[in-house]
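To start, the structure under review is shown below, and the notes come after it.
The values are calculated or read from the model by the stated rules, or taken from the named source; none is laboratory data. Small disclaimer: the values here were computed from a predicted structure and weren't measured. Cβ placement follows ideal geometry from the backbone for every residue including glycine, while neighbour counts extend to all protein chains displayed. Ligands, DNA and RNA are excluded from the accessible area calculation, which covers all protein heavy atoms including side chains. Shrake-Rupley method; radii C 1.70, N 1.55, O 1.52, S 1.80 Å.
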Amino acid sequence: MGKIEQAKSYTGQDLDNIFFRPMFSGPDANALGIRIMHNMPVPTTLQFWRRAGDILQKYTTGGWSGAAQTERFQKTMDLKRVKAEVGYGADEYYNLVFGLITNSSEVNMGDLTGTELERAETAIFKEAIAESIRATMWVGDTARSGAGAQYNTFDGFMKRIAADIAAGETAIKSSTYANLNDPDAAETLFRNLWENASPMLRDFKSQGNLAYFVTSDVYARYEDALDSMALDSAYLQKQTGREGLYFRGIPVIDLQISGYLAQCPDMPQSFAILTDRRNLALAVNTSDFPGTEVKMWYNPDAMENRQRAVFMAGCDYLMPELISYARRQ
């Protein structure tokens, strides 16, 4: 056997339960560090209820004397219909899938059923789709066009942030930094982001959802600074590595998108963002429009295995005032 010819198609509940829901739940989804909205009704909305101020009153009489209704913020997310297509040479595809199967101790190679093949094929395609969504979520720009244009299926966070930078209490707080040559440059950057943040964002620290989202150069500079500290614990961590970095109790997350930024010269190549994780959201929908499917089949004319997925995706943030942003000049 040198090729895989059995066609597989996922629609409806199978598409949701077998393919997309496992992709955007569990540890892999948590690693993104943001809010995931899966198959929410279209149009998909982000909502936030502002905590009321002083609601205590002197009790003088019965009856109702409440204030105005609690203020709600709501924003509609713009989901785009997208398509993912991948083609492999038949022999290359067979070897790729076969390699995944043989690495599993639970597979009986003397009795290889379609179930193991299906899991391996699905895993290959899910990984490719998830990474493409992750990259577009940050560097996407629908204005890109022409031959070779990439990451243009929906607008990512960076394009939206650039559009919302302005003065005022309800705008994104933005600043710049010259370089990261100073050993303390990353720490200074984090401190400035905190000091420039709105009072509302700083008040959210006690809820435990603030995070610094940074490019790899900022993350590496901060880790270098921690390694240089004259402490036994720092010396040990320099050898064994760290599971994660923190600044004043706030997680520092390496976005690992430097390779994608290099392909997008219209984007800032180095930046850092302080925000509440719940403020950033990625939405994926596989149920609210016709034609949604995932299909894998063998094309005998081209001697090629092909994979296709059609769904809706988009990302946005709810409140600009919950973002403190800095980029390299």
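Okay, which of the range 297-317 sit inside 17 Å, backbone N to the point 7 Å along the Cα-Cβ direction of Thr11? Only 297, 308-312 pass the distance filter. Around the Cα centre of the range 283-329, unit charges on the Cβ atoms of Lys, Arg, Asp and Glu (plus for the first two, minus for the last two) sum to a dipole of about 240 debye.
With a 1.4 Å probe rolled over the protein heavy atoms of all chains, the accessible area of Glu195, Glu116 falls in the order Glu195, Glu116, largest first. Stokes-Einstein diffusion for the range 181-329, with the hydrodynamic radius set to the Kirkwood value over Cα pairs and evaluated at 37 °C in a medium of 0.692 mPa s, equals 178 µm²/s. Extent of the range 108-202 along its three principal axes (Cα atoms, max minus min coordinate, largest first): 65, 36, 31 Å. Over what distance in Å are the Cα centres of the range 280-297 and the range 170-225 separated? The range 280-297 and the range 170-225 have Cα centres separated by 35 Å.
In the context of the full set of protein chains, residues of the range 247-298 present 36 Å² of accessible surface per residue (probe radius 1.4 Å, heavy atoms only). Fully extending the segment from Gln57 to Lys205 would add 50.4 nm, taking 0.36 nm per residue of separation and subtracting the current Cα-Cα distance. Calculated FRET efficiency, Glu131 to Trp64, Cβ-Cβ distance, R0 = 45 Å: about 0.25 to the nearest 0.05.
Spacing of the modelled spin labels on Ala147 and Asn181, each 7 Å from Cα toward Cβ, amounts to 4.0 nm.
Using a Förster distance of 22 Å, how high is the FRET efficiency between Asp227 and Ala31, based on the Cβ-Cβ distance and rounded to 0.05? Please list the in-between numbers first.
Values: r = 24 Å, r/R0 = 1.07.
Efficiency, rounded to the nearest 0.05: 0.40.
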